[in-house]
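Novice: Have a look at this one before I ask anything.
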Amino acid sequence: MVELSTNENTYNAELTPKAEEASPGVNQNNYVGVDDYSIFPDAGAQQYNSYQSSPGQVVPSYSQLLTENLVSKTPSIPKAQVTFGKKVLSLDVETTGLNPWDYKLIVCSVWDLDIPKGEMRTFAGWDEEKLVREMFAYIESLNPDVILAFNAKFECRCFITRAMLYHIHAPWIWTSEWHDMLAILEGGWKNGLTGTMPSGSEENWLKFFFNETKPFTIEECFEGIREGRLDEMIIRNRTCVQGQGDMYQLLMYCQQGADGDVVIEKPSIEMVDDVKDSGLLTVRCDVCGAVNEISDISNPGQCWRCSGNLPKLSEQDIITEVARPVDWHLVGLSGDKLKEAKAAAKLSKTLPELQPTGEDDYQKVSMARLVDLAIKPHMTE
């Protein structure tokens with residue numbers, strides 16, 4: 001047991017990278033070392049080297065990495081891709097704690113929503129100052145109008161404190177609009193709404209909108225760090241960045257008028273012919289289960305999430321829409337009753353039989369049902 005000396009519920013530990021040991025099936029010559037985890041796509045590495053002190057390494061195929069069991073077991077739901085008219089960056093930072101005076105920034109991914117997910121840049125490493133300077137240089141080169149994050153206060157404070165700590169000129173931190181997906185989903189964006197309703201975690205919203213789950217828990221990520229490895233944290237971080245970016249594009253799609261420049265990013269099975277005509281197809285990564293959009297059938301490329309080689313395209317790679325499941329045992333319950341009902345529902349494994357709704361004439365059927373139940377309906381004058 002560790003006795004905490006402060007009341008901030010944090011525990012600080014010095015991290016020392018663990019010496020790499022040879023693992024069966026892993027090419028040690030191609031493996032990214034713990035001292036340099038900068039990730040840049042092949043297409044953008046040369047451009048980025050113009051302001052990078054040392055060439056970044058491209059992550060090898062995922063089968064060469066030590067992280068295992070990265071398989072998403074849920075299908076994906078179609079997403080919207082929107083042309084903004086502004087430079088929008090989705091980003092997420094990973095730190096070793098919650099307090100800026102205690103933690104170290106170790107991972108940050110940046111996705112320019114104007115480019116494919118596969119060109120998302122991830123900056124990671126144990127040298128915080130080197131990481132921050134390279135990441136800030138990249139963000140400044142994009143000249144962002146909007147910076148998007150989930151609980152953006154955390155990212156904003158991290159950037160401000162690191163700019164101050166390392167004496168970095170970073171005016172874009174203050175000139176950019178910071179859009180917080182957490183605040184947007186609470187209903188408090190641009191309208192000043194407040195309330196006590198639960199805000200929900202990013203995992204909740206990714207599951208709700210796209211039926212997606214993050215590949216690793218935060219506990220598994222920190223366990224990897226304690227072993228001197230950043231692989232799990234990098235993969236989870238990239239998933240967070242694409243998730244909030246997809247949610248933001250979906251929000252903009254709903255806000256935008258019908259005449260706007262809007263396309264469907266991930267088509268459903270009913271749109272196969274249209275998708276083939278447009279030249280945009282989707283393929284699921286065999287390694288991590290992430291869905292990738294590709295335009296060149298002969299060269300699918302690498303997965304945006306794990307950099308594994310993508311399989312050849314087939315009819316089965318078109319996304320199938322799924323219905324969101326609802327456990328009717330749990331409707332209208334809270335607190336202890338909800339916990340008891342969940343346990344009972346898990347034991348029974350049977351759903352309650354649902355009565356027909358009378359879709360042809362809702363009012364007539366509903367009124368008749370109230371009469372059958374001897375409930376006096378509310379009538380309006």
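The values are calculated or read from the model by the stated rules, or taken from the named source; none is laboratory data. No experiment lies behind these values; they were computed from the predicted model shown. Note that each Cβ is placed from the backbone with ideal geometry, even for glycine, and that neighbours are counted across all protein chains shown.
Novice: How many residues are surrounded by fewer than 17 Cβ atoms within 10 Å (Cβ to Cβ), touching a Leu at 6+ places or on another chain (Cβ under 9 Å) and touching a residue at least 60 places away in the same chain (Cβ under 8 Å) if we restrict to region 110-144?
Specialist: Number of matching residues: 0.
Novice: So which pairs qualify, if the first residue must be in region 96-109 and part of a loop (DSSP other than H, G, I, E, B), the second must be of a type in the set (D, E, K, R), the Cβ gap must be under 7 Å, and the two must be at least 6 apart or on different chains?
Specialist: Close Cβ pairs (under 7 Å, with a partner that is of a type in the set (D, E, K, R)) amount to T96/K104; N99/E8; P100/R157; K104/E128.
Novice: Can you confirm whether H167 is in contact with a Leu (Cβ under 8 Å, 6 or more places away or on another chain) and either within 25 Å of P100 (Cβ to Cβ) or at pLDDT 95 or above (or both)?
Specialist: Taking the combined requirement at face value, the residue does not satisfy it.
Novice: Follow-up question, since we're still on this one. Among the residues of region 218-230, count how many are surrounded by fewer than 20 Cβ atoms within 10 Å (Cβ to Cβ) and farther than 19 Å from V287 by Cβ.
Specialist: Of the residues in region 218-230, 7 are surrounded by fewer than 20 Cβ atoms within 10 Å (Cβ to Cβ) and farther than 19 Å from V287 by Cβ.
One line per residue, one yes/no per condition, for (1) aromatic (F, W, Y); (2) more than 23 Å from K87 (Cα to Cα); (3) more than 15 Å from the chain's Cα centre (by Cα):
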site: W111; (1), (2), (3): yes, no, no
site: R121; (1), (2), (3): no, no, no
site: A137; (1), (2), (3): no, no, yes
site: A149; (1), (2), (3): no, no, no
site: P198; (1), (2), (3): no, yes, yes
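Novice: Among the candidates T217, T194, single out the residue that is out of contact with any strand residue (DSSP E or B) (no Cβ under 6 Å at 6 or more places or on another chain) and modelled with pLDDT under 85.
Specialist: Answer to the selection: T194.
Novice: Sticking with this one: Taking region 125-135, which residues are under 21 Å from the mean Cα position of the chain (by Cα) and outside any helix (DSSP H, G or I)?
Specialist: G125
Novice: Check G200, G245, G228 and return the single one that is more than 25 Å from W126 (Cα to Cα), among the small types (G, A, S) and outside any helix (DSSP H, G or I).
Specialist: G200
Novice: Exactly one condition in (1) crowded, with 23+ Cβ neighbours inside 10 Å; (2) part of a helix (DSSP H, G or I) is false for A183; which is it?
Specialist: With respect to (1) crowded, with 23+ Cβ neighbours inside 10 Å; (2) part of a helix (DSSP H, G or I), A183 is out only on (1).
Novice: Residues I115, I160, I139: which one is farther than 20 Å from G245 by Cα and of a type in the set (A, V, I, L, M)?
Specialist: I160
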